[in-house]
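The values are calculated or read from the model by the stated rules, or taken from the named source; none is laboratory data. A quick note: this is a predicted structure, and the numbers were derived from the prediction, not measured. With ideal geometry, Cβ positions are generated from the backbone for all residues, glycine too; neighbour counts draw on all protein chains shown. Remember, those area values only see protein heavy atoms, side chains included, never the ligands or the DNA or RNA. Shrake-Rupley method; radii C 1.70, N 1.55, O 1.52, S 1.80 Å.
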Amino acid sequence: ATASPQPPTRSPKTSSRFNKPLVTNPSKPHRDTPKHRPTFADSFNPLDFKGDTVPIITFCNLKGGTGKTTSAIYLAAALARKNQPVIVLNGDPQGSATEWAQQAEDAGTPLPFEVMPANARSITQIKTTHTEWIIIDCPPVESGIIDAAIQAADHVIVPTRPSTIEVNRMWVNH
């Protein structure tokens with residue numbers, strides 16, 4: 001008896017970012033379909049940056065507790081791990097990023113990048129460089145610092161929880 005012919009094998013689609021098979025939901029359009037609208041997340045991977053100047057990235061949200069500082073520190077750590085020079089500007093008067101850096105140093109495991117306090121004036125004076133990533137951690141509510149950080153940024157990331165009211169909060173005042 002002969003075996004029935006097998007259909008030709010096709011390699012599964014993979015994500016170009018992570019080279020892992022994509023899991024698709026047939027009821028939702030895949031990013032390769034015409035119905036998918038490209039978003040910032042589809043095109044931006046800071047670890048793959050190959051431009052002439054290194055971008056300034058701002059993390060902001062008018063609401064507190066959304067993960068701005070954590071996201072800024074984690075992105076800086078990921079860049080440092082890839083041997084990219086990076087500095088975090090702590091625009092939040094509460095100083096959480098600076099405190100994080102001090103606690104890490106006190107524990108004998110200093111962060112592999114510098115964290116510096118910043119205000120609206122110092123943020124407006126920063127320039128993009130050819131060598132150093134600049135990540136700005138913004139405070140909630142303090143619109144002067146947020147405005148300066150947005151103006152200085154090449155990319156703005158707004159961490160939010162996945163609820164409509166929190167996403168809408170960012171657009172109420174800006």
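Kirkwood hydrodynamic radius of segment 72-115 from all distinct Cα pairs, in Å? Evaluated on segment 72-115, it is 10.6 Å. Residue by residue, segment 134-147 carries 3J(HN,Hα) couplings of 10, 10, 10, 9, 9, x, x, 6, 5, 5, x, 5, 4, 4 Hz when phi is fed to the Karplus relation 6.51 cos²θ - 1.76 cosθ + 1.60 (θ = phi - 60°); x denotes Gly or Pro. Within the accessible surface of segment 95-168, defined with a 1.4 Å probe on protein heavy atoms only, the carbon and sulfur portion equals 52 percent.
Taking 17 Å as the cut-off, the amide N atoms of segment 55-87 that come nearer than this to a point 7 Å along the Cα-to-beta-carbon line of LYS127 belong to 55-56.
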